[in-house]
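Novice: Below you'll find the structure I mean.
The values are calculated or read from the model by the stated rules, or taken from the named source; none is laboratory data. Small disclaimer: the values here were computed from a predicted structure and weren't measured. Backbone-built Cβ (ideal geometry, glycine too); neighbour counts: all protein chains shown.
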């Protein structure tokens, strides 16, 4: 991605996160980036295309991170710990992107459906690992889909928790708290 396209993408992500997708205009994006509309349209055909790119690339990045990291783990417990850590790091590093995706999970518009589908694909990676753990008897028999959603939801709720508390938490502190919550119930 060239520098101009990256800048458009990053500014749009920041504005979508702060103001919401619907309240952000192409004019505001171009003014904040400092480019003409023609330059924006050279890189993206529409605001919707910027949004779709953000969701698809962001969720692909998280999904690929999990697949790479868990492929190096020997046990299912290590894989789940890796997932928790990746999600917490993702929340800290990509908070704007994730807040946009989370804000669009409900509804029936194409942008809502895209977010739902990409999150579902991500959760399916977690579910596959849980099913592997059940088959290997490393995890108690459970509803693997519900457990995958629970892991995703628990770690995702950290973003809201961070916004509501005054204290600054390290990734390690957040990870240890989530690890306790999840592994005490497996």
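Novice: State whether one or more residues within segment 70-78 are under 18 Å from the mean Cα position of the chain (by Cα) and either surrounded by fewer than 19 Cβ atoms within 10 Å (Cβ to Cβ) or under 30 Å from residue 174 (Cα atoms) (or both).
Specialist: Looking only at segment 70-78, we keep the residues that are under 18 Å from the mean Cα position of the chain (by Cα), and these are 70.
From what is left, the residues that are either surrounded by fewer than 19 Cβ atoms within 10 Å (Cβ to Cβ) or under 30 Å from residue 174 (Cα atoms) (or both) are 70.
So far as segment 70-78 goes, yes, one or more of its residues are under 18 Å from the mean Cα position of the chain (by Cα) and either surrounded by fewer than 19 Cβ atoms within 10 Å (Cβ to Cβ) or under 30 Å from residue 174 (Cα atoms) (or both).
Novice: Something else about it: Which of (1) exposed (fewer than 15 other Cβ atoms within 10 Å of the Cβ); (2) without any contact (Cβ under 8 Å) to a residue 24 or more places away in the chain; (3) not in a loop (DSSP other than H, G, I, E, B) is the odd one out, the single condition residue 15 does not satisfy?
Specialist: (1)
Novice: Mind listing whichever residues of segment 79-111 are loosely packed, with under 14 Cβ neighbours inside 10 Å and in a helix (DSSP H, G or I)?
Specialist: 93, 110
Novice: Across segment 160-173, what is the total count of residues that are at pLDDT below 85, part of a helix (DSSP H, G or I) and surrounded by 10 or more Cβ atoms within 10 Å (Cβ to Cβ)?
Specialist: 3
Novice: Separate question: Within the group 138, 67, 56, which residue is in a loop (DSSP other than H, G, I, E, B) and touching a residue at least 12 places away in the same chain (Cβ under 8 Å)? Quick ask: steps written out before the conclusion?
Specialist: Working: 67 fails: in a loop (DSSP other than H, G, I, E, B); 56 fails: in a loop (DSSP other than H, G, I, E, B).
Being in a loop (DSSP other than H, G, I, E, B) and touching a residue at least 12 places away in the same chain (Cβ under 8 Å) holds for just one of 138, 67, 56, which is 138.
Novice: Only residues that are under 27 Å from residue 117 (Cα atoms) and assigned to a helix (DSSP H, G or I): list them for segment 41-52, please.
Specialist: 41, 43, 47, 48, 49, 50, 51, 52
Novice: Confirm whether residue 127 is on the phi < 0 side of the Ramachandran plot and either touching a helix residue (DSSP H, G or I) at 6+ places or on another chain (Cβ under 6 Å) or outside any helix (DSSP H, G or I) (or both). Break it down into steps so the answer makes sense when it comes.
Specialist: Details: on the phi < 0 side of the Ramachandran plot: yes; either touching a helix residue (DSSP H, G or I) at 6+ places or on another chain (Cβ under 6 Å) or outside any helix (DSSP H, G or I) (or both): yes.
Yes.
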